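The values are calculated or read from the model by the stated rules, or taken from the named source; none is laboratory data. As the structure is a computational prediction, the values presented were derived from the model and not from experiment. Note that we place each Cβ from the backbone using ideal geometry, even for glycine, and neighbour counts take in every protein chain shown. With ligands, DNA and RNA removed, areas are computed over all heavy atoms of the protein, side chains included. Shrake-Rupley method; radii C 1.70, N 1.55, O 1.52, S 1.80 Å.
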Amino acid sequence: MRKLILVAVLGAVAPTLISSEIFACGESMFRVGKGVHYRAFSAPIQGSVLVYARTDDERAVAEQLQEAGHSVQVVSNDVDLALEMHNQRFDVIVAPYSKRDEVEAQSAQIASHPDWVLVIDSNSVDAKPGKSQHRYTVSADDNIRKYLKAIHQSLKARST
């Protein structure tokens with residue numbers, strides 16, 4: 001009798017233990033639309049992001065932000081930065097601390113006033129003043145999660 005009950009319980013529980021939903025990861029998401037594709041990270045609030053990228057690592061961050069669902073435009077010099085800021089509306093600008101004068105000068109001249117996610121080189125002497133003066137900061141060697149978190153906080157604050 002006990003064996004029969006044990007077999008019945010295991011038979012009822014086994015399909016739920018084997019189901020694929022148990023193995024789902026909170027950091028991944030499958031997007032359905034024109035096709036199904038995997039995203040390692042997904043932005044809960046999607047925004048338009050301008051990324052000042054001069055190196056391959058910075059361009060890789062821009063690509064990962066786009067893969068997460070943000071609309072991303074990449075610039076690599078001050079002239080393109082000024083043109084893009086005046087020609088398009090951005091919610092967030094991701095740029096290094098060394099470009100603070102250019103970003104702040106352009107932000108003052110446009111109506112949308114995008115938030116700035118400040119990228120600080122952790123070995124720089126500007127790291128502490130930059131973090132204390134700006135609301136959204138990341139380190140140049142941070143992973144994509146930190147960038148997405150800073151952008152999300154900015155977009156969330158803008159929507160309230």
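Per-residue answers, yes or no, for (1) touching a helix residue (DSSP H, G or I) at 6+ places or on another chain (Cβ under 7 Å); (2) crowded, with 20+ Cβ neighbours inside 10 Å; (3) outside any strand (DSSP E or B); (4) not acidic (D, E):
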{"residue": "L50", "(1), (2), (3), (4)": "yes, yes, no, yes"}
{"residue": "E58", "(1), (2), (3), (4)": "no, no, yes, no"}
{"residue": "G69", "(1), (2), (3), (4)": "no, no, yes, yes"}
{"residue": "Q73", "(1), (2), (3), (4)": "yes, no, no, yes"}
{"residue": "A82", "(1), (2), (3), (4)": "yes, no, yes, yes"}
{"residue": "D101", "(1), (2), (3), (4)": "no, no, yes, no"}
{"residue": "S112", "(1), (2), (3), (4)": "no, no, yes, yes"}
Exercise for the section: Would you check if there is a residue in segment 116-134 being part of a helix (DSSP H, G or I), out of contact with any helix residue (DSSP H, G or I) (no Cβ under 7 Å at 6 or more places or on another chain), farther than 24 Å from E84 by Cβ and modelled with pLDDT of 85 or more? Expected result: no
Completion exercise
All conditions in (1) at pLDDT 80 or above; (2) farther than 16 Å from I45 by Cα; (3) open to solvent by 40 Å² or more (accessible area, probe 1.4 Å) are true of K146 except (2)
